[in-house]
Amino acid sequence: MPKLTKRTIDAAQADTERDYFIWDDEMPGFGLRVLRSGKKTYQIQYRHGGRTRRNSIGMHGTITPDEARKLAKEKLGRVAKGDNPAEERAIHRGASTVADVCERFMNEYVPIHCKETTTKEYRHSVDMFIKPVIGTRKVPDIIRTYIAKLHHDLRDKPYQANRTLGVISVIFNQCEIWGLRPDGSNPCRHVKKYTEKKRERFLSEEELKRLWETLDECERDGSESPAACNASHLLILTGCRLGEVQTLKWDYIKEDGIYLPDSKTGAKKVYIGQAVHDALTKVERTEDNPSVISGTVEGQHLKDRQRPWRRIRGKAELGDLRIHDLRHSFASFGLASGLSLAEIGKLLGHSQVQTTARYAHLAEEIA
């Protein structure tokens with residue numbers, strides 16, 4: 001058994017009938033496998049659990065004999081401490097890809113823990129930004145460098161970059177729970193999110209009047225459906241989120257308020273006044289449809305609010321106004337009428353004081 005050098009390795013000729021091994025005479029367990037094809041791979045051989053095992057550490061030509069010897073020494077040192085490189089390689093070969101765990105996450109975790117809007121956001125991030133970039137990589141191979149690059153490549157869309165980073169982090173937390181990665185190995189740790197400019201758009205009294213008159217005009221001329229106009233009226237008067245109004249059912253409405261069985265913050269009561277009751281009395285009930293904002297599909301609520309809203313705000317010359325800005329405006333008008341931040345938080349159904357605190361500067365300006 002000669003010492004494995006470049007000269008002895010280059011001199012080794014292929015046997016067309018079988019593979020064979022040349023073992024190094026200086027380092028027991030370090031050798032070269034010569035394949036029938038003529039390819040040569042460096043190997044280590046050791047015993048583990050009463051069995052002889054081999055593990056390839058590289059191909060001759062890709063790494064040098066000295067590099068292979070160094071790797072062999074490291075791996076055999078780990079074997080002496082109880083590691084099993086051959087088993088680790090087999091486990092890695094069968095490890096899930098990121099695309100695999102993304103689908104497992106969407107099928108097992110998301111339906112139980114996430115609401116419909118969150119599910120849509122997660123699916124968008126998974127399909128558009130995660131799977132195309134790191135989907136084919138093995139889960140154990142993902143390191144912080146890959147995540148940092150993915151996040152950096154989305155820097156021109158800071159909001160989307162941060163949302164995608166959040167989704168990846170939740171997925172890799174689940175990988176730890178599923179036993180696919182060691183505890184505390186989430187590669188998203190220390191990847192800093194981009195600063196996001198919170199957009200604050202509030203309607204002035206004149207703008208609110210113009211929007212309301214536009215809704216009345218759309219109702220009169222039939223340019224928009226009654227459901228689309230009714231939804232806008234309720235969004236303005238209640239400060240509810242779009243999903244809460246879209247999925248509102250007649251059974252939820254009582255004399256003293258609207259009782260939502262589910263919302264972003266769980267079950268909640270929406271306090272309403274006479275103006276909301278008046279608006280609801282004008283809504284025509286659709287037979288066999290429990291929804292207040294009935295859609296075109298029998299028995300279902302209105303699905304598309306964005307396209308009607310874009311047309312309505314265009315007519316009202318409020319092209320930059322988002323639907324969610326109606327909720328912000330509800331808060332600003334509440335503060336202007338003398339309500340406290342705590343009362344505003346209660347009306348909006350905030351579960352945390354910090355969420356309502358974003359309106360503190362408005363309260364100071366009004367005061």
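See the values below:
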read-out	value
Three semi-axes of the equivalent ellipsoid, segment 6-93, Cα gyration tensor, whole Å, largest first	22, 15, 12
Relative contact order computed over the chain (Cα-Cα under 8 Å; 6+ residues apart), in percent	9 percent
Tail weight of P(r) past 18 Å, computed on alpha-carbon pairs of segment 182-333, percent	62 percent
Computed log₁₀ I(q)/I(0) - Debye formula, equal Cα scatterers, no solvent, segment 35-160, q 0.11, 0.21 Å⁻¹	-0.63, -1.19
Violating pairs (Cα-Cα greater than 30 angstrom) within the set Lys70/Lys193; Lys81/Lys149; Lys120/Lys157; Lys120/Lys192; Lys209/Lys282; Lys73/Lys131	Lys70/Lys193; Lys81/Lys149; Lys73/Lys131
P(r) weight above 41 Å for the chain, C-alpha pairs, percent	40 percent
Which listed pairs, of Lys115/Lys268; Lys6/Lys39; Lys198/Lys269, have C-alpha distances above 19 Å, in listed order	Lys198/Lys269
12 Å beta-carbon shell around Ala68, net charge (K/R +1, D/E -1)	+3
Theoretical ellipticity at 222 nm over the chain - DSSP helices of four or more residues, -39500 (n - 2.57) apiece, nearest 500	-13500 deg cm²/dmol
Selected from Arg33, Arg305, Arg104 as most flexible by GNM, with the chain as the system and alpha-carbon contacts under 10 Å	Arg33
Rg/Rg_ref, segment 88-227, where Rg_ref = 2.2 N^0.38 Å and atoms are Cα	1.47
More than 14 angstrom apart: percent of Cα pairs within segment 22-73	49 percent
Segment 276-347 shape via C-alpha gyration tensor axes, a/c threshold 1.5	oblate
Additional length obtainable on full extension of the chain from Phe21 to His190, 0.36 nm per residue less Cα span	56.2 nm
Helix 226-238 vs. the chain, principal-axis angle (Cα, 0 to 90°, nearest 10)	90 degrees
Lys, Arg +1 and Asp, Glu -1 on Cβ, resulting dipole of the chain about Cα centre, debye, nearest 20	2300 debye
Nearest-ten-degree value, helix 325-336 long axis tilted from longest Cα axis of the chain	50 degrees
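Each reported figure results from applying straightforward, stated rules to the coordinates on display, with no laboratory input. Since the model is a prediction, treat every value here as computed from it, not as a measurement. In this analysis, Cβ positions are derived from the backbone assuming ideal geometry, glycine residues included, and neighbour counts consider all displayed protein chains.
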